[in-house]
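To keep things clear, I will list the structure first and then write my remarks on it.
The values are calculated or read from the model by the stated rules, or taken from the named source; none is laboratory data. Computed from a predicted structure; not experimentally measured. In this analysis, Cβ positions are derived from the backbone assuming ideal geometry, glycine residues included, and neighbour counts consider all displayed protein chains.
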Amino acid sequence: MKRIFLLLAIIGLTTLSSCDGDPGPQGPAGPASEVFELQNVNFQLNQNNEYTIFQNLNPVLFDSDNILIYRMSGTINPQTPIWQLIPRTLFLNEGELDYDYDFSAVDFTIYAGGTYNLATTPQFIQNQTFRIVIIPGYFSKMPNLDFNDYDSVIKTFGIDDTKITVLNKK
(Lines give C-alpha, C1' and ligand atoms only; values in the text may rest on other atoms or scores of the structure.)
Protein backbone atom coordinates (compact mmCIF):
# COMPACT_ATOMS: atom_id res chain seq x y z
CA MET A 1 0.00 0.00 0.00
CA LYS A 2 2.81 2.39 0.91
CA ARG A 3 4.59 1.61 -2.36
CA ILE A 4 1.48 2.34 -4.44
CA PHE A 5 0.95 5.63 -2.61
CA LEU A 6 4.63 6.59 -3.15
CA LEU A 7 4.41 5.67 -6.85
CA LEU A 8 1.24 7.76 -7.29
CA ALA A 9 2.85 10.69 -5.46
CA ILE A 10 5.90 10.61 -7.74
CA ILE A 11 3.74 10.37 -10.87
CA GLY A 12 1.57 13.24 -9.64
CA LEU A 13 4.53 15.49 -8.85
CA THR A 14 6.16 14.75 -12.20
CA THR A 15 2.93 15.49 -14.07
CA LEU A 16 2.22 18.73 -12.19
CA SER A 17 5.78 20.05 -12.40
CA SER A 18 5.93 19.65 -16.17
CA CYS A 19 2.83 21.75 -16.91
CA ASP A 20 3.32 25.01 -18.81
CA GLY A 21 0.89 27.82 -19.24
CA ASP A 22 0.88 30.92 -21.40
CA PRO A 23 3.86 33.14 -20.52
CA GLY A 24 1.74 36.27 -20.01
CA PRO A 25 2.66 39.84 -20.89
CA GLN A 26 6.13 41.19 -20.19
CA GLY A 27 6.31 43.71 -17.37
CA PRO A 28 7.68 47.22 -17.75
CA ALA A 29 11.43 47.66 -17.80
CA GLY A 30 12.91 48.83 -14.53
CA PRO A 31 15.11 51.89 -14.27
CA ALA A 32 18.59 51.33 -15.61
CA SER A 33 21.82 51.91 -13.77
CA GLU A 34 23.81 54.75 -15.26
CA VAL A 35 27.33 56.14 -15.04
CA PHE A 36 28.34 59.77 -15.44
CA GLU A 37 31.75 61.36 -15.29
CA LEU A 38 33.21 64.68 -14.20
CA GLN A 39 36.55 65.14 -15.94
CA ASN A 40 39.40 67.35 -14.72
CA VAL A 41 37.27 69.39 -12.31
CA ASN A 42 38.55 71.69 -9.60
CA PHE A 43 37.15 71.97 -6.10
CA GLN A 44 35.94 75.51 -5.36
CA LEU A 45 36.38 77.16 -1.98
CA ASN A 46 32.89 78.25 -0.88
CA GLN A 47 31.70 80.89 1.63
CA ASN A 48 31.82 78.27 4.44
CA ASN A 49 35.54 77.73 3.78
CA GLU A 50 34.79 74.27 2.29
CA TYR A 51 36.15 72.84 -0.95
CA THR A 52 33.21 71.55 -3.00
CA ILE A 53 32.14 70.44 -6.45
CA PHE A 54 28.41 70.92 -7.10
CA GLN A 55 26.56 69.33 -10.03
CA ASN A 56 22.93 69.10 -11.11
CA LEU A 57 21.65 65.65 -12.02
CA ASN A 58 19.78 64.68 -15.15
CA PRO A 59 17.94 62.31 -14.93
CA VAL A 60 16.22 63.05 -11.67
CA LEU A 61 16.54 60.20 -9.16
CA PHE A 62 13.73 58.20 -7.63
CA ASP A 63 13.48 58.38 -3.83
CA SER A 64 14.83 54.84 -3.47
CA ASP A 65 17.81 55.30 -5.84
CA ASN A 66 21.35 55.49 -4.57
CA ILE A 67 24.52 57.14 -5.87
CA LEU A 68 28.06 55.86 -5.62
CA ILE A 69 30.91 58.25 -6.41
CA TYR A 70 34.40 57.07 -7.32
CA ARG A 71 37.51 59.27 -7.57
CA MET A 72 40.21 58.43 -10.07
CA SER A 73 43.26 58.15 -7.82
CA GLY A 74 45.69 57.26 -10.60
CA THR A 75 46.18 55.00 -13.59
CA ILE A 76 47.93 51.74 -14.29
CA ASN A 77 48.25 52.84 -17.93
CA PRO A 78 46.27 55.34 -20.09
CA GLN A 79 43.45 52.81 -20.59
CA THR A 80 43.29 51.54 -17.00
CA PRO A 81 42.21 54.08 -14.36
CA ILE A 82 42.22 53.28 -10.64
CA TRP A 83 38.87 54.15 -9.01
CA GLN A 84 38.40 54.63 -5.26
CA LEU A 85 34.95 54.79 -3.69
CA ILE A 86 34.33 57.86 -1.59
CA PRO A 87 33.97 58.69 1.24
CA ARG A 88 37.70 58.18 1.52
CA THR A 89 40.37 59.42 3.90
CA LEU A 90 43.91 59.90 2.63
CA PHE A 91 46.74 60.04 5.17
CA LEU A 92 49.33 62.45 3.80
CA ASN A 93 52.49 63.98 5.25
CA GLU A 94 50.56 67.26 5.60
CA GLY A 95 47.71 65.62 7.52
CA GLU A 96 44.40 63.90 6.74
CA LEU A 97 42.43 64.65 3.58
CA ASP A 98 38.80 63.51 3.39
CA TYR A 99 36.59 63.19 0.33
CA ASP A 100 32.85 62.87 0.92
CA TYR A 101 29.59 63.60 -0.89
CA ASP A 102 25.87 64.04 -0.49
CA PHE A 103 23.06 63.93 -3.00
CA SER A 104 19.40 64.67 -3.52
CA ALA A 105 16.98 63.72 -6.28
CA VAL A 106 18.26 66.57 -8.46
CA ASP A 107 21.93 67.24 -7.58
CA PHE A 108 25.04 66.14 -5.71
CA THR A 109 27.98 67.80 -3.98
CA ILE A 110 31.47 66.36 -3.51
CA TYR A 111 33.47 67.69 -0.56
CA ALA A 112 37.20 67.79 0.17
CA GLY A 113 38.27 68.65 3.70
CA GLY A 114 41.22 68.02 5.90
CA THR A 115 43.30 68.72 8.96
CA TYR A 116 45.56 71.13 7.03
CA ASN A 117 45.31 73.85 4.36
CA LEU A 118 44.28 71.89 1.24
CA ALA A 119 45.63 74.66 -1.01
CA THR A 120 49.12 73.34 -0.19
CA THR A 121 48.33 70.08 -2.04
CA PRO A 122 46.67 71.21 -5.30
CA GLN A 123 47.16 67.75 -6.85
CA PHE A 124 44.29 66.55 -4.62
CA ILE A 125 41.79 69.37 -5.30
CA GLN A 126 42.50 70.36 -8.92
CA ASN A 127 42.04 68.41 -12.16
CA GLN A 128 40.13 65.62 -10.42
CA THR A 129 38.02 63.03 -12.26
CA PHE A 130 34.98 61.36 -10.69
CA ARG A 131 32.59 58.63 -11.80
CA ILE A 132 29.01 58.87 -10.56
CA VAL A 133 27.10 55.57 -10.61
CA ILE A 134 23.31 55.70 -10.18
CA ILE A 135 21.90 52.45 -8.81
CA PRO A 136 18.16 51.76 -8.64
CA GLY A 137 17.05 51.43 -5.02
CA TYR A 138 16.04 47.79 -5.22
CA PHE A 139 19.65 46.90 -6.09
CA SER A 140 21.45 49.07 -3.55
CA LYS A 141 21.22 46.53 -0.71
CA MET A 142 23.01 43.61 -2.37
CA PRO A 143 24.86 41.93 0.52
CA ASN A 144 27.51 40.11 -1.54
CA LEU A 145 28.56 43.07 -3.70
CA ASP A 146 31.76 44.95 -2.82
CA PHE A 147 30.82 48.54 -3.68
CA ASN A 148 34.49 49.54 -3.21
CA ASP A 149 35.33 47.59 -6.39
CA TYR A 150 34.24 49.80 -9.30
CA ASP A 151 34.70 47.02 -11.88
CA SER A 152 32.56 44.62 -9.83
CA VAL A 153 29.77 47.20 -9.51
CA ILE A 154 29.83 47.91 -13.26
CA LYS A 155 29.74 44.19 -14.09
CA THR A 156 26.97 43.38 -11.58
CA PHE A 157 24.66 46.10 -12.90
CA GLY A 158 25.46 45.40 -16.56
CA ILE A 159 26.76 48.93 -17.19
CA ASP A 160 28.66 49.61 -20.40
CA ASP A 161 31.26 52.07 -19.11
CA THR A 162 32.61 52.72 -22.60
CA LYS A 163 29.53 54.94 -23.13
CA ILE A 164 29.72 57.29 -20.17
CA THR A 165 27.99 60.68 -20.21
CA VAL A 166 30.43 63.45 -19.36
CA LEU A 167 28.63 66.02 -17.21
CA ASN A 168 31.11 68.88 -17.58
CA LYS A 169 31.71 69.02 -21.34
CA LYS A 170 33.21 72.32 -22.36
### Message
Test of understanding: among ILE154, ILE53, which residue is in a helix (DSSP H, G or I) and closer than 15 Å to GLU37 by Cα?
### Response
ILE154
### Task
Assess whether ILE135 counts as being over 19 Å from VAL41 (Cβ atoms), within 16 Å of the chain's Cα centre (by Cα) and touching a residue at least 40 places away in the same chain (Cβ under 8 Å).
yes
### Query
Within the stretch 114-128, restricting attention to residues that are among the β-branched types (Val, Ile, Thr) and not in a helix (DSSP H, G or I), which residue is farthest from ARG88 (Cα to Cα)?
THR121
### Query
Could you list, in sequence order, the residues of the stretch 8-34 that are closer than 25 Å to ILE132 by Cα and either surrounded by fewer than 10 Cβ atoms within 10 Å (Cβ to Cβ) or modelled with pLDDT of 90 or more (or both)?
ALA29, GLY30
### Query
Would you call ILE110 over 21 Å from PHE54 (Cβ atoms) and part of a strand (DSSP E or B)?
no
### Task
Go over the candidates PHE108, PHE62 one by one and state the one that is surrounded by 18 or more Cβ atoms within 10 Å (Cβ to Cβ) and either closer than 20 Å to TYR150 by Cα or of a type in the set (A, V, I, L, M, F, W, C) (or both).
PHE108
